[in-house]
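Okay, structure first, notes after.
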Amino acid sequence: MCGIIGYTGSETAQEVITDALTTLEYRGYDSAGLALSGSKSRSIDIYKCAGRVSDLKSMLEKKMKPADREATCGVGHTRWATHGGVTDTNAHPHRVGTVTLVHNGIIENYRELTDEFRLKGKLKSETDTEVVAGVLDSFYAESEDPKKAIAETVKELKGTFALVVMFANYPDVVFAVRNVSPIVATQSPQGSMLASDLTALTRFTDRYFVLPEYTIAELHRSALYLWTLNGKPVEPEWLTMDWEKNSADKGGYPFYMEKEIDEQPEGIRKTVEPRLKDGIPDFSCDELDESILTDTEEITVAACGTAMHTGLVFQNLARKILHTEVNVCLASEYMYGEPVVGEKTLLIAVSQSGETIDTLEAVKYAKKRGARTLGIINVRGSSIARECESVLFTNAGPEIAVASTKAYTTQLSLFYLLIARIAYLKGIWDEDKVRDFTAHLCRTPDAVDEVLNIRKDIHIIARNILEASDLFMIGRGLDYAALQEGSLKLKEVSYIHSEAYASGELKHGPIALITEETPVVALATQESLLKKGLSNVREVRSRGASVVLFVKNAMSEGLEQEFNIVRLPDLPDEFMVFPAACALQLLAYYVSSDKGFDVDKPRNLAKVVTVE
Ligand code: F6R
């Protein structure tokens, strides 16, 4: 949450920073701002406003001082508000005395610091960030040494932070330091740059490193230094980005969400194919120590939102295929449930960003108690990836739309590989059975493609729910698991209140809410559950609900006379979640875009949730 940037180099800082902020806007879009040090005036000027990066750009066009147009150094911020409302004053950067800074994270002891450093009269905003600027300014006044001041300041801070700082006397230099909240950095012929995530760095280079926690970064035009808090030099650990250079572009689509829905067949293929050897799952490219799969007895999946929903599918398959119970936990609740964790526990953490703080904390909690930890993650070098004992990376490429789509199906594909591998290792399946299973998995991208080819039909069906303010999504078994994701997708991008319900549970209460104004989206892809599922659908229809039914093609005969139906391509039941997911994503997408919403940036949300 919140995107931060620092740049110093040979290019126009204003352009580099606003471009990077546009890329990082998915991390928060309540307000935007930047500070520039004019190469001529040598002063540091701040421009900021509530609203989007586009509002900031308009402001710059009207108000930017001529000297700042040539500035080559600066910091930038796009905000997801935590402390203080969405106002111009609360927007970052903040300045106290000689210090100008931007911040991502939460400073828990900001009230105590305000008193201790007598900052009350000096602060203009309601933010915790401005307090940090005040503390830093106080320490700087003592030593006039930026690194010393930063080191002293971070010792005072409780909470999470990524801070990017400019000092008035060092107008061409950017400093940074962090705890938990991410910062990646790079150095290229165009200058030194750092940002909250990689998408902002692709403009210059595919080389980067993750700033270690409690390490000070000092960025100059043509050099970049790292220091411990005690002033000892540190060598960066350089990594290479595995994303293609333009993969974070919109590629002609009106919204990233549609582009990313379309990228799913490729994402699944890229995730699955390198991990198959002669049809048998093989995690040697991940250097996976397989005792993590064979020597553990109790599996828990901890994740948030969409990522957590992949665990529900895994749970269903693990029971049926591996005869193993899997706990699926909301990462934000995990530790409060005081789970029984020990050396025989395998904690699987699922995360697109690899930065979700609740998931990270769940991993730390389980590790501390002896659990083995396995990450299913999209971003290399991310905090959760570094915290987990082993990691399987999804090859989804950058996911920019706030609503997660391709991350979900690629995470699922890894879970399917894990199921097959565990079944093989534990002797539950012989090689033929494993090959049969993975052959079906390899057909899922084509099935998703078939759904993409009927997007027009889904668009037309979407009109049935456009005016709804509440709806239910109902299904049984794996369909219920898939609908929990479909329902989240719809509510977050269309603002329709949607609830996924197990069909059989409706009669135990919620059917009281069914009226002519409450459409029902039903999913029927599981042959053994069809009859019961359909009678539940008929029960809601006879109470006035209009029904949209997504049904596996082979089971659809005659149903078009009763319902508005969408036929999904035929796969064995346990793989139907892939085409179903894609169809439900498209449904949500079309409702949102037809309503004229900003599909990629839904109200109140942010892509990367780095606060608890
Ligand atoms: C919903 C969505 C969120 C994320 C959740 C976890 O579309 O994107 O529910 O899935 O915030 O994020 P990651 O996967 O980055 O840990």
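The table that follows gives values for the structure above.
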| read-out | value |
| --- | --- |
| Using alpha carbons only: equivalent-ellipsoid semi-axes of region 181-261, gyration tensor based, whole Å | 29, 13, 10 |
| Accessible-area composition of the chain, carbon plus sulfur, in percent [1.4 Å probe] | 47 |
| Potential lengthening between Lys320 and Lys507 on full extension [0.36 nm per residue; Cα-Cα distance subtracted] | 64.7 nm |
| Computed FRET value (nearest 0.05) for Glu338 with Ser10, which takes r as the C-beta separation and R₀ as 45 Å | 0.25 |
| Ellipticity estimate at 222 nm from DSSP helix runs (n ≥ 4, -39,500 (n - 2.57)) divided over the chain, nearest 500 | -10500 deg cm²/dmol |
| Loop-located trypsin sites (Lys or Arg not before Pro) in region 52-126 whose Cβ has at most 10 other Cβ within 10 Å (DSSP) | Arg118 |
| Where labels lie 7 Å past Cα in the beta-carbon direction, separation of Asp19 and Val234 in nm | 2.9 |
| Shape of region 259-446, Cα gyration tensor, a/c cut at 1.5 | oblate |
| Inter-probe distance in nm under a simple model that places probes 7 Å from Cα toward Cβ, at Glu144 and Arg207 | 3.6 |
| Estimated dipole of region 421-496 in Debye, rounded to 20 [Cβ of Lys and Arg +1, of Asp and Glu -1, Cα centre] | 120 |
| Modelled label reach - Glu273, point 7 Å along Cα→Cβ, region 362-402 residues with backbone N closer than 18 Å | 393-398 |
| Label-to-label distance, nm, for residues given as Ala67 and Val86 (7 Å Cα→Cβ offset) | 3.4 |
| Cα-based radius of gyration of the chain once divided by 2.2 N^0.38 Å, which approximates compact folds | 1.01 |
| Inter-part distance where region 477-518 and region 268-345 are each reduced to a Cα centre, Å | 26 |
| At most 10 other Cβ within 10 Å, DSSP loop - chymotrypsin sites (Phe, Trp or Tyr not before Pro), region 524-603 | none |
| Region 184-244: chymotrypsin sites (Phe, Trp or Tyr not before Pro) in DSSP coil with no more than 16 other Cβ atoms inside 10 Å | Tyr214, Trp238 |
| Total charge dipole magnitude, region 47-100, about the Cα centre, Cβ charges on Lys, Arg, Asp, Glu only, Debye to nearest 20 | 40 |
| Net lengthening on full extension, Ala554/Glu108 (0.36 nm per residue, minus Cα-Cα) | 154.9 nm |
| The chain - charge dipole about Cα centre, Lys and Arg +1 at Cβ, Asp and Glu -1, debye rounded to 20 | 1000 |
| Å² per residue, accessible surface of the chain at 1.4 Å | 38 |
| Shape of region 3-241, Cα gyration tensor, a/c cut at 1.5 | rounded |
| The chain: angle of helix 431-453 to the longest principal axis, Cα-based, in degrees nearest 10 | 70 |
| Cα lying deepest toward the dipole's positive end in the chain, options Thr310, Ala396, Phe139, charges on Cβ | Phe139 |
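The values are calculated or read from the model by the stated rules, or taken from the named source; none is laboratory data. What you see is a predicted model; the values in this text were computed from it and never measured. FYI the Cβ positions are ideal-geometry reconstructions off the backbone, even for glycines, and counts take in every protein chain you see. Keep in mind that these areas ignore ligands, DNA and RNA; they rest on the heavy atoms of the full protein, side chains included. Shrake-Rupley method; radii C 1.70, N 1.55, O 1.52, S 1.80 Å.
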